[in-house]
Amino acid sequence: MRISQYETAVIINAALEDSAVEAEITKIQDMIVSFGGTIVDLDKWGRKRLAYQIKKHKIGYYVIYRYDAPTEAVAKIERLLRLNESLVRFLTIKLDKFAIEHLEDQKAKRAALQVAPPDEVIELAAEPEIFEEPFTESEPEEVTPETKE
């Protein structure tokens, strides 16, 4: 029994209520775990407009599952996904070591970009101070033409 890392992208029918969508997400997670898989990452993209109409749907709720599972479990998972009428479409790929490294790097970069909120709030001045020099009109200088000698 060989265990590999997989990624399954699922598009759930967006016409479902939020509670039903969350129930489908949990149902798929439980299904992966029941076949001996362990969830590595779950990424909810939310409702997005589809690039083209699929099964008369224009909007779908996107969810990406990354998980470790035995090779023979993937066929069973896909069979149950195919039978689930709440899903518009799904796609499962096996991740190679380069894809796993890339995803880990991206995850680390996203975590580094998330900045913690500051401890103290800086208050802005009510009116900004403007430093200007007073404008003074100076008399124009008289220009004398040079004479040729």
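The values are calculated or read from the model by the stated rules, or taken from the named source; none is laboratory data. Just so we're clear, the structure is a prediction, and the values are computed from it rather than from any experiment. Note that each Cβ is placed from the backbone with ideal geometry, even for glycine, and that neighbours are counted across all protein chains shown.
Overview of values
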quantity: Criterion: touching an Asp or Glu at 6+ places or on another chain (Cβ under 7 Å) and either surrounded by 12 or more Cβ atoms within 10 Å (Cβ to Cβ) or not in a strand (DSSP E or B) (or both) - qualifying residue of Ile32, Ile39, Ile12, Ile28; calculated: Ile12
quantity: Single condition Arg49 does not satisfy, out of (1) touching a strand residue (DSSP E or B) at 6+ places or on another chain (Cβ under 9 Å); (2) of a type in the set (D, E, K, R); (3) modelled with pLDDT under 90; calculated: (3)
quantity: Inter-residue pairs, beta-carbon under 6 Å, first under 22 Å from Arg2 (Cα atoms) and modelled with pLDDT of 95 or more and in region 12-40, second among the small types (Gly, Ala, Ser) and surrounded by 13 or more Cβ atoms within 10 Å (Cβ to Cβ), 6+ apart; calculated: none
quantity: Unique residue being outside any helix (DSSP H, G or I), within 19 Å of Arg2 (Cα to Cα) and not hydroxyl-bearing (Ser, Thr, Tyr) when the list is Arg47, Arg66, Arg89; calculated: Arg66
quantity: Residue match in region 88-95 (condition: modelled with pLDDT of 85 or more, surrounded by 10 or more Cβ atoms within 10 Å (Cβ to Cβ) and more than 21 Å from Val40 (Cβ to Cβ)); calculated: yes
